[in-house]
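Chemist: After the structure tokens below, expect a handful of questions from me.
The values are calculated or read from the model by the stated rules, or taken from the named source; none is laboratory data. Just so you know, these numbers come straight off a predicted model, no measurement behind them. Keep in mind that these areas ignore ligands, DNA and RNA; they rest on the heavy atoms of the full protein, side chains included. Shrake-Rupley method; radii C 1.70, N 1.55, O 1.52, S 1.80 Å.
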Amino acid sequence: MKLFEGSRFRRIMFRIIPDDNITEPAKEAEYVNKFQRFKEYVSKQLLEDIGPEQMEIKVVTNANRTQQDDAPAGTDRFKNFRMPLKKGSTEKYQWMEMVMDSTFDTRRTYKIMLHWLVASAIKVEAQVQLLQRRCAQYGLRLVSFPQDSISSDVQLHPVGGIC
């Protein structure tokens, strides 16, 4: 994936695709362990000094699944975190927002979105490459997906809609 300074939409979406054969408890536990390692890595990259436990991402497995877990997600579906992009002390402060699903379900894909306004494409691309390498190292399949939009009119100006 190549990012350019003139990117129209400054956001990227990824999904972690579950393994094919995680019906066995041992394989499912191994998959959850891979995600926990990924979560530890992400928590170290964040602006806030929080550990993986404070990220409040619920892990749903076949052993602890309830009917509520199968219901459609509500308004608190995502967790937002600010990630600094620091690669030099003389440069201006740059950061991006990492938006992650609040629930990691071993039967479903896990959504990760990166949004940025205050960052150069070079630094965002470097962070994306780090993320992809780390997922590969942990044995997670991180796949880039087309960005979906909540609004049916992506060109809608936020102030123009109020008038």
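Chemist: Can you tell me the length gained on complete extension of the stretch residue 78 to residue 126, counting 0.36 nm per residue apart and subtracting the Cα distance?
Modeler: 14.9 nm
Chemist: Would you list 47, 114, 142 from the most to the least accessible area, probe 1.4 Å?
Modeler: From most accessible down to least: 47, 142, 114.
Chemist: Out of residues 5 or more away from residue 145 or on other chains, whose amide H comes under 5 Å of its own, with H placed 1.01 Å from N in the peptide plane?
Modeler: Distant-sequence amide H within range of residue 145: 13, 14, 15.
Chemist: Amide H neighbours of residue 104 under 5 Å, counting only residues 5+ apart in sequence or on other chains, H built in-plane at 1.01 Å?
Modeler: 58, 59, 60
Chemist: Could you derive backbone 3J(HN,Hα) for the stretch 30-38 from the dihedral phi with the Karplus parameters 6.51, -1.76 and 1.60 (θ = phi - 60°), listing whole Hz in sequence and x where the residue is Gly or Pro?
Modeler: Those phi angles translate into 5, 5, 5, 4, 4, 5, 4, 5, 4 Hz.
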